[in-house]
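The values are calculated or read from the model by the stated rules, or taken from the named source; none is laboratory data. None of these values were measured; they are calculated from a predicted model. Here the Cβ is made from the backbone with ideal geometry for all residues, glycine too, and neighbour counts use every protein chain on show. In case anyone asks, the SASA skips ligands and DNA or RNA and just uses the protein heavy atoms, side chains included. Shrake-Rupley method; radii C 1.70, N 1.55, O 1.52, S 1.80 Å.
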Amino acid sequence: MNTGHGLNTVSANYFHIVVASGAVLLSTALMTGEAIAHGNTPPSLKGVAAPVVPGLLDGDAPIVVDKTAAIELGKALFWDVNVGSDGMACASCHFHAGADGRTKNQLSPGKFQKRAPTTLTFEATASGADGGTNYTLRSSDFPLHQFSNPADKESAVIFDTDDVVSSAGVFSARFDGSSQGNARYDKCTPQADAIFHSGGLNTRQVQSRQAPSVINAGFNFRNFWDGRANNIFNGESPFGVRDPNAGVWVVGQNGQVSKQTVRLENSALASQAVAPPVNTSEMSCEQRTLPDIARKVLARRPLETQHIHPADSVLAERRDLSGKGLNTSYEALIKTAFAPRYWSGVGEFGKPAISATPYTQMEANFPLFFGLALQLYQQTLVSDQTPFDTPRLAGSPQMPKGLNAQQRRGLTVFLNAHCTECHRGPTFSGAAHPRIYTLSDAFSSLRLVNRKTINGAFGAKGVAQGLLDEGYFNTSVAPTSTDPGVGGLDPFGNPLSFSQQYMQFLLTGKPLTDPVIVNSCDLDNAFYQDYLRSELIDDTSIVGSCGDRSIYAKIPKVPVLLAELQKRNDGRAMVAVNGAFKVPSLRNVELTGPYMHNGSLLTLEQVVDFYFRGGNFKNAHHFATLVFPQSISATEKADLVEFLKSLTDERVRWERAPFDHPALAIPHGHKDEASVRHPEWAGDLFLKVPAVGKHGRDSALGPIKAFHTYLQP
């Protein structure tokens, strides 16, 4: 809805969330015949459009007035090393099928774990090496949690570490000012680092979670492993309506400039984009802001030090004659792409903490430009040309004709094992926007919260029901204590989880922090099913009509919920979100290892072992209904892995348009000597990624490969 100033509120349709109904029937044995496969084959991604962002490109006063220029801006910003404080681009962690293919200095002790003696220290690896900073990974270091029998969760644990395989970022430093002229690096003062150091020299910090692929991320409802990148972009930070101070400066019809609220729905990519550039371990020196980045780059030529292929699918027409960078400036691209009311104002728009020079309107609104430009660029990164995305076989509507015989058998295994309960829809992810994976008209709006069976009757714990965020599950990759996932809090003290917000509503009547509404009558397992009628009251918060499910429009009384919360695992009031993480897309999964939020699995075979043995640990919120021990033969395992490889788009493998890119030098481990920039820092080694044009990598470069193929034994 347009307010007259190009600022947008969330459409009414967003506020009503109806939760899917229907219990899942599970089998503990696989049936390999195609005709008796359980569930339906997910649809093709071909032709599926990203969710519309009302008011971004349409309406009387759109924010973006030139989409082509905005995409050019987004691609340049994504790949430009000048966006980082010390040479890290967004693409530095997303250059290999949208993920990170580096193999050196990629270990972190996992800082999300609280009060554990190993949180701040590195452990020995499974290969017997010391591990730690500047370590080069080996195949024998995986998996990070090992059993004597990989198929048996009850067998002896022969290796375990709480270290994480992730992505190296910046050195620890304090921001002193943006670089000027053509200097690449910001002015930053090194700070002592108690974790990331070697031989008296600081090394680059490594994140506590693995970098997921950005390809097809435009279909997600929320982003990041813990979902903190909100569906609603507020123009300034990742946290949507949770951030009470977020807004953008807008020139009104009277010429006056005021800070106004932006609420752009279906913009989780923009919410995600504004976080890494100012994260003090990913891309930024401490205390740097996005307006500070604007001050650094606005007058510069985009990608000024990086080669651009003459056949780049997006940037070729603006390529500078030198072959490096574009023949325009970031300021000029912003003026072309965005409506003047966001950059044409005159005056002061806040000041940096370390400078007396106020920000211009364009500098102050740089988070808006940055987030939306990257979103529009990344929405072009859709991999929908795979063997799976071919027409279905005549007489066999479940089977794409592009699959070979082994892959068809693997699809049957995939369906029989109920993998589609989590990896559903055309992106193979339940964390996608519900409109993407819900093909039926049976649901009038979004479905984000549910109450499901967490432990099936086959388990020794018996049946337990729990509220959970759809698309975010605890599969017991690691103990819940090591990382809260979507069970964590935002910087304002609010639960990241919609389900936890709903439980607060049930207990206190406080509205959910995010603008979502849950109808109790539409939960898979309604409260009516396992609470006594005397323990329930009518749910007066129902939006719309429950139809023939009106009998289930009941919620527990507050004293009953409080009593349940005193029981082990919160009894019937369980909210199963601690240690739960986003279900990643399986598209191009062949190329995006290592796998899981902690990078603990190296190969697809290890991933299959993990799921078919029922995970690694016995977490309280473990989604045992779907991640449970089940048998699989060696042949079925091989077939399943081959099916997963059918989800690879050859354009991604060969980096053909839209997956082509400028050249990039990525920090990749360290020298045994100090940096010439700061004697406190270890000198950088670099991985050189060449510029690739729309026709992709040539035969000399060859295709990009699975991560494990780059490792020594």
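Below 8 Å, C-alpha to C-alpha, sequence gap of six or more: please give me the relative contact order for the chain in percent. Value for the chain: 20 percent. Normalised per residue, the accessible area of the chain is 37 Å², obtained with a 1.4 Å probe and no contribution from ligands, DNA or RNA. Applying 0.36 nm per residue to the separation of Ile551 and Thr390 and subtracting their alpha-carbon distance, the gain on full extension is 53.6 nm. Bridgeable aspartates and glutamates around Lys705 (alpha carbons under 14 Å apart, same-chain partners fewer than 8 residues away excluded): Asp100, Glu590, Asp649, Glu650, Glu655.
A Förster distance of 30 Å, applied to the separation of the beta-carbon atoms of Thr68 and Phe492, puts the FRET efficiency at 0.20. Relative to one another, the C-alpha centroids of the stretch 472-524 and the stretch 220-274 are positioned 21 Å apart. Taking the DSSP bridge list for the chain and keeping only pairs wholly inside it, about 85 percent are antiparallel. From the alpha carbon centroid of the stretch 40-73 to that of the stretch 645-675 is 26 Å.
Summing +1 for each Lys or Arg and -1 for each Asp or Glu among the other residues whose beta-carbon sits under 12 angstrom from that of Ala364 gives -1. Estimated purely from DSSP H runs of n ≥ 4, each contributing -39500 (n - 2.57), the mean residue ellipticity at 222 nm for the chain is -4500 deg cm²/dmol once divided by its residues. Surface composition of the stretch 180-286: carbon plus sulfur atoms contribute 44% of the solvent-accessible area (1.4 Å probe, protein chains only, all chains present). Straight Cα distances below 28 angstrom link Lys557 to the lysines Lys452, Lys461, Lys510, Lys567, with same-chain residues fewer than 8 positions distant left out. Taking the protein heavy atoms of the stretch 617-671 in the context of the full set of protein chains, the accessible area attributed to carbon and sulfur is 58 percent at 1.4 Å. Applying the criteria of a DSSP loop state and at most 11 other Cβ atoms within 10 Å to the trypsin sites (Lys or Arg not before Pro) of the stretch 502-607 yields Lys567. Note: the stretch 203-344, Cα convex hull, 159 Å³ per residue. Per-residue extension of 0.36 nm, minus the Cα-Cα distance of Thr119 and Ile158, leaves a gain of 12.0 nm for this segment. Descending by average beta-carbon neighbour count within 10 Å, the peptides 386-393, 493-500, 211-218 line up as 211-218, 493-500, 386-393, the highest first. The lysines within cross-link reach of Lys67, meaning a Cα-to-Cα straight distance under 16 Å and a gap of 8 or more places when in the same chain, are Lys75, Lys335.
Backbone amide hydrogens, once placed in the peptide plane, bring Asn450 within less than 5 Å of Leu468, Glu470, excluding anything fewer than 5 places away on its chain.
In order along the stretch 260-270, phi translates into HN-Hα couplings of 10, 7, 10, 9, 9, 6, 6, 10, 5, 5, 5 Hz, rounded to whole numbers, per the Karplus curve 6.51 cos²θ - 1.76 cosθ + 1.60 with θ = phi - 60° and x for Gly and Pro. Estimated at 0.36 nm per residue, the fully extended path between Val52 and Lys567 surpasses their Cα-Cα distance by 181.0 nm. Per-atom-type breakdown for the stretch 568-611 gives carbon and sulfur 49% of the accessible area (1.4 Å probe, protein chains only). For the peptides 149-158, 325-334, 506-515, the ranking by packing is 325-334, 506-515, 149-158, with the highest mean count of neighbouring Cβ atoms within 10 Å listed first.
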